[in-house]
Amino acid sequence: MITDQDIFLFDLRGYLILEGAIDPDHVKELNSILDELRNLKPGDWQGYVHGHVFQSTKEGINLQQIYEGGKPFERLIDNPSWIDHVMTFVGGQDSFDSHHGPLFIDENFANIRGPGESIGLHSGPVPWVKRCQFHVHNQKFNCGQINILMSLTDIGPSDGATMVIPGSHKSNFRHPEYEKSVMTPKGASMDGVTGAIEVYMKKGDALLFVDSLCHGSARRTNDGERRSIVFRYGPSWGFFRHGYRPSKELLNRLTPKRREIVWPHDKLENCPY
Ligand SMILES: O=C(O)CCC(=O)C(=O)O
């Protein structure tokens, strides 16, 4: 259930931490599937999960279309710990924005990072990106993209935590240190960026943030690995960031509510093409 406090803090900071969003048994199930999928090489497929080729090899293993990875991943699509929050912040219910369904997930992936790995600074409202925008009108949210970053391992100091600049979704000027820390093919991290904080999470917690918030991660210096899953939600008329499509098998086994979020783009009945 979303509270007035959640609304106040999300508006103010651009993010929320949802503690205990995924129960411990569910986290275990997700991790045990990832133990196998992590061997997928960039560019290879296992079923309909794709080993994605990253901009930088220093950002870890990225497994795209992870909601194709089995039932435990499907249950994340409309997880009650965040779905009301996401619906509220994407907004547009009872308007043209929800003409085809309540939401659409335009990217979903699992990420595994080891020592030395990180992702550099990106996003922020300057330059303006319509797709990722933070917007409120008449006390109603209308954000272009709300991310849910789920933590499958405890993420504390030196673990390569996600970093955000609280309140930066409303900034009007580019961060003066942007060029120094921005994502590049050579790799970068957000360590040391003025105003940025590390977001520490326990496994099962989720970080909700509007994509226009300046974000990235610290470099992991501890041994071991950091595991996360990211689902990006936007309005029902959105489309896939990387050109993927949900498999027929997935669509056939999803509940109607989940199917509507994964594929709101059904053709009209009796459509001649
Ligand atoms: O991996 C992280 O900690 C940050 C995630 C991120 O950069 C993104 O979702 O765009």
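Computed from the coordinates by the stated procedures, all read-outs in this text should not be read as laboratory data. No experiment lies behind these values; they were computed from the predicted model shown. Here the Cβ is made from the backbone with ideal geometry for all residues, glycine too, and neighbour counts use every protein chain on show.
Here are the numbers for this structure:
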quantity: Scope the stretch 77-92; condition out of contact with any Leu (no Cβ under 7 Å at 6 or more places or on another chain) and in contact (Cβ under 8 Å) with a residue 24 or more places away in the chain; matching residues; calculated: ILE77, ASP78, ASN79, ASP84, THR88, PHE89, GLY91, GLY92
quantity: Residue match in the stretch 41-49 (condition: touching a Pro at 6+ places or on another chain (Cβ under 6 Å) and not in a loop (DSSP other than H, G, I, E, B)); calculated: no
quantity: Cβ-Cβ under 6 Å pairs, at least 6 apart or on other chains, the stretch 18-36 side touching a residue at least 12 places away in the same chain (Cβ under 8 Å), far side surrounded by 12 or more Cβ atoms within 10 Å (Cβ to Cβ) and assigned to a helix (DSSP H, G or I); calculated: GLU29/PRO72; LEU30/PRO72
quantity: Failed criterion for PRO102 (all others in (1) in a loop (DSSP other than H, G, I, E, B); (2) free of Cβ contacts under 8 Å to residues at least 24 places away in the same chain; (3) buried (at least 17 other Cβ atoms within 10 Å of the Cβ) hold); calculated: (2)
quantity: Residue among GLY224, GLY234 that alone is loosely packed, with under 15 Cβ neighbours inside 10 Å, out of contact with any Ser or Thr (no Cβ under 6 Å at 6 or more places or on another chain) and in contact (Cβ under 8 Å) with a residue 12 or more places away in the chain; calculated: GLY224
quantity: Residue match in the stretch 39-52 (condition: within 20 Å of ARG253 (Cα to Cα), among the hydroxyl-bearing types (Ser, Thr, Tyr) and crowded, with 21+ Cβ neighbours inside 10 Å); calculated: no
quantity: Test: LEU63 is in contact with a helix residue (DSSP H, G or I) (Cβ under 6 Å, 6 or more places away or on another chain) and part of a helix (DSSP H, G or I); calculated: no
quantity: Scope the stretch 105-122; condition surrounded by 22 or more Cβ atoms within 10 Å (Cβ to Cβ) and assigned to a loop (DSSP other than H, G, I, E, B); matching residues; calculated: GLU117, SER118, ILE119, GLY120
